Amino acid sequence: MLYAHENNLKNKIVSNYNNKGKEIKEFYEEVYLKYREQLESFDYLSEDISVFQEAARLMDAYLIEVETFSSKMHITSQSKFRSTFIEEISTYLFKELPLIKDNTFGIYNKNIYAGMKINNHMHIDIISKDVDFCVGKKVNLKIDNSQTIPTIIPIICVEAKTYLDATMFGEVQFSSKQIKNASPNVQTYVLMEYNEVSNEKIIAARYDNNLNEMFALRNGSRRTSTIISAPINPEALLEYYKEIRTAINNTKIDDVINNTGRLLDR
């Protein structure tokens, strides 16, 4: 199972980040694992708002621990210590879905299929991308007489951000468009703590097909808000869960067209 935040912690321990490997190991064992165990114990499948209220409270509590520890240990935001936890939230939420639990689909963040191209030697290259959180199917592609190439055909792709500004929004739109062009049935999303994209840009994005939806977990701006003043909204967390769960489950819908009424069944 993919745990992006745990991998970040373990890499810092192994590399002795800022000569603080021992302290980070203690944080991993005494703080991270405790919160992860609690967050994985919830029955998200119930879609009970009380479950998401408690999960949101624990996520906020853990992020306070992360911020305090990061400040004390001089861990920079560029090291993705905090942001990888936002990525890992999706693993907690969706790892017990039946289609993931029975290995029909897996959870990934690397080697996501984004198309093909002809290289300078007139051979076909697979274009792949890294995505913060992807639900997809692992396949082995063989082109001409080349070696088998493992790749992930995406069903769901999520970019997870601590905040989203106009520059990052443009990058996310471009990346999502590339993935959708390669896999037309993929659905693409953004999960963010804070939204800092203007209303005009968001309204304009409703009229293209680059992103299926964007979810902001906190109200306000990262510049003026704190976790205490702008906690994770449990209703937003539940709404995100329902959207992704429905999108994954809909991959099983039979290719049956109604004779009357709704034909595209969107």
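The values are calculated or read from the model by the stated rules, or taken from the named source; none is laboratory data. From a predicted model like this one, the values you see are computed outputs, not experimental measurements. Quick reminder, even Gly has a Cβ in these numbers, built from the backbone with ideal geometry, and neighbours come from all protein chains shown. Accessible surface areas use protein heavy atoms only, side chains included; no ligands, DNA or RNA. Shrake-Rupley method; radii C 1.70, N 1.55, O 1.52, S 1.80 Å.
Key figures for this structure:
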| item | result |
| --- | --- |
| Relative contact order of the chain, defined on C-alpha pairs under 8 angstrom at six or more residues apart (%) | 16 percent |
| Computed [θ] at 222 nm, deg cm²/dmol, the chain (DSSP H ≥ 4; -39,500 (n - 2.57); rounded to nearest 500) | -12500 deg cm²/dmol |
| Per-residue HN-Hα couplings for segment 216-226 [Karplus 6.51, -1.76, 1.60; θ = phi - 60°; Hz; x = Gly/Pro] | 9, 8, 10, 8, x, 10, 4, 6, 10, 9, 10 |
| Dipole of the chain, positive end: most advanced residue of 229, 93, 24 [Cβ charges, Cα centre] | 24 |
| Charge tally in the Cβ shell below 13 Å around residue 41, where Lys, Arg are +1 and Asp, Glu are -1, residue 41 excluded | -2 |
| HN-Hα J in Hz across segment 204-213 - Karplus 6.51, -1.76, 1.60, θ = phi - 60°, x for Gly and Pro | 4, 5, 5, 9, 10, 10, 6, 10, 7, 6 |
| Cα convex hull volume per residue for the chain (Å³) | 178 Å³ |
| Extreme residue, positive dipole direction of segment 1-128, given options 58, 106, 74 (C-beta unit charges) | 74 |
| Whole-Hz ³J(HN,Hα) from phi, Karplus 6.51 cos²θ - 1.76 cosθ + 1.60, for segment 129-146, glycine and proline x | 9, 8, 10, 4, 8, 9, 9, x, 10, 7, 9, 10, 9, 10, 10, 6, 10, 6 |
| Pairs from 22/242; 10/95; 25/242; 137/161 whose Cα-Cα separation, in the structure shown, is over 30 Å | 22/242; 25/242 |
| Percent antiparallel among DSSP beta bridges (both partners in segment 135-248, rounded to 5) | 35 percent |
| 11 Å beta-carbon shell around residue 193, net charge (K/R +1, D/E -1) | +2 |
| Interchain or long-range residues, amide H under 5 Å from residue 159's placed H | 189, 190, 191 |
| Beta bridges per DSSP with both ends in the chain, % antiparallel, nearest 5 | 55 percent |
| Per residue, in Å², the accessible surface of the chain once ligands and nucleic acids are set aside, probe 1.4 Å | 55 Å² |
| Under-5 Å amide H pairs with residue 105, H placed in peptide plane, nonlocal only | 100 |
| Protection-proxy order for peptides 16-25, 239-248, each taking the mean of Cβ atoms within 10 Å per residue, highest first | 239-248, 16-25 |
| Residue 141 long-range amide H proximity, modeled H, under 5 Å | 149, 151 |
